1. Can you tell me which of (1) surrounded by fewer than 13 Cβ atoms within 10 Å (Cβ to Cβ); (2) of a type outside the set (D, E, K, R); (3) more than 30 Å from Asn77 (Cα to Cα); (4) out of contact with any strand residue (DSSP E or B) (no Cβ under 8 Å at 6 or more places or on another chain) is the one Ala196 doesn't meet?
2. Taking into account only those residues within the stretch 110-130 that are touching a helix residue (DSSP H, G or I) at 6+ places or on another chain (Cβ under 6 Å) and open to solvent by 40 Å² or more (accessible area, probe 1.4 Å), which is farthest from Leu87 (Cα to Cα)?
3. How many residues, within the stretch 146-163, are closer than 15 Å to Cys86 by Cα and among the β-branched types (Val, Ile, Thr)?
4. Return yes or no: is Leu211 more than 30 Å from Val81 (Cβ to Cβ), within 36 Å of the chain's Cα centre (by Cα) and open to solvent by less than 60 Å² (accessible area, probe 1.4 Å)?
5. Look through the stretch 235-254, keep the residues that are among the small types (Gly, Ala, Ser) and more than 11 Å from Glu181 (Cβ to Cβ), and return whichever of them is surrounded by the fewest Cβ atoms within 10 Å (Cβ to Cβ).
6. Is it the case that Ala97 is crowded, with 20+ Cβ neighbours inside 10 Å and touching a His at 6+ places or on another chain (Cβ under 8 Å)?
7. Of all the residues that make up the stretch 128-137, how many are part of a loop (DSSP other than H, G, I, E, B) and at pLDDT 90 or above?
8. Return yes when Asp91 is out of contact with any Asp or Glu (no Cβ under 6 Å at 6 or more places or on another chain), modelled with pLDDT under 85 and surrounded by 12 or more Cβ atoms within 10 Å (Cβ to Cβ) and no when it is not.
Amino acid sequence: MSEAQAESQMSAKGLIGIILAAIIGIPVFIYLVIKLATGGMMLDAASPSMTNEAIAARVQPVGFAKLDESGPPGSRNGKAVYESVCLSCHDAGLAGAPKFADVGAWAARLSKGFATLVDHANKGFNAMPAKGGAADLTDDEVARAVAYMGNAAGGKFTEPAVAGAAAGAVAKIDPAVKGKEIYDSVCMACHTTGAAGAPKFGDKAAWAPRLKDGVEAAIKIAIAGKGAMPAKGGYSGSDEEFHAAAEYLIGSAK
């Protein structure tokens, strides 16, 4: 083989190598560039984080308010409304909102009076939308939030009471529903068969001496526990719930 032929073969091999390198290298280069641009993150369209709801939550605008629905409409106190709605701006002082408990920022506002502040809060004022953006708030709930925030900064406002309920009152638990549920899951273990001397369900004669001082006195003893019966019959829930169960049980013997 002549020297010219050898050089020609070497040149051909070199060209083939360059072509192969380009075929393999260019896609790899593009892949690495994409990885660098995306921080190595691989997107999975089927992932829960990529649902329409999840994406909407991530791009939700600052200041968007959703009221906590833990109570019936109109029943939320000032603290609950503040933490559900007002905190989004008043905690950090966004858009000129006076920060919570900032006496200096609230002083001039408090001097305008409660009625004016409530009117501004309900109708919207400067950068604050009506009711802080939570249209489902009642006027009284807004007023309670104003009182809560104002009082934290030195005000002496009174939150409007919840209609139909005394301040701090707890809704009565229905003995026929919750009381029966507790009886069926806890109390019946002894009161159905009369185990350990427990008066049986519906046995008027057995219950009579226990009710001689009245229903409330009997329930008070049951809450504390007596004899073989542990406190609240071993029920781990609240006294109010146990009270409903006791009412249900005693009602069967009347």
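1. Only one criterion is unmet by Ala196, namely (4).
2. Once the filter is applied, the top-ranked residue is Lys123.
3. Residues meeting the conditions: 1.
4. The answer is no for Leu211.
5. Per the stated criteria, the residue is Ser236.
6. On the way: crowded, with 20+ Cβ neighbours inside 10 Å: yes; touching a His at 6+ places or on another chain (Cβ under 8 Å): yes.
Here the answer is yes, as Ala97 does meet what is asked.
7. So the count comes out to 1.
8. So Asp91 fails the test.
The values are calculated or read from the model by the stated rules, or taken from the named source; none is laboratory data. Since the model is a prediction, treat every value here as computed from it, not as a measurement. Every residue, glycine as well, gets a Cβ built from its backbone with ideal geometry; the counts of neighbours run over all protein chains shown. The protein model used for the area step is the full one, side chains on, heavy atoms only, and it has no ligands, DNA or RNA in it. Shrake-Rupley method; radii C 1.70, N 1.55, O 1.52, S 1.80 Å.
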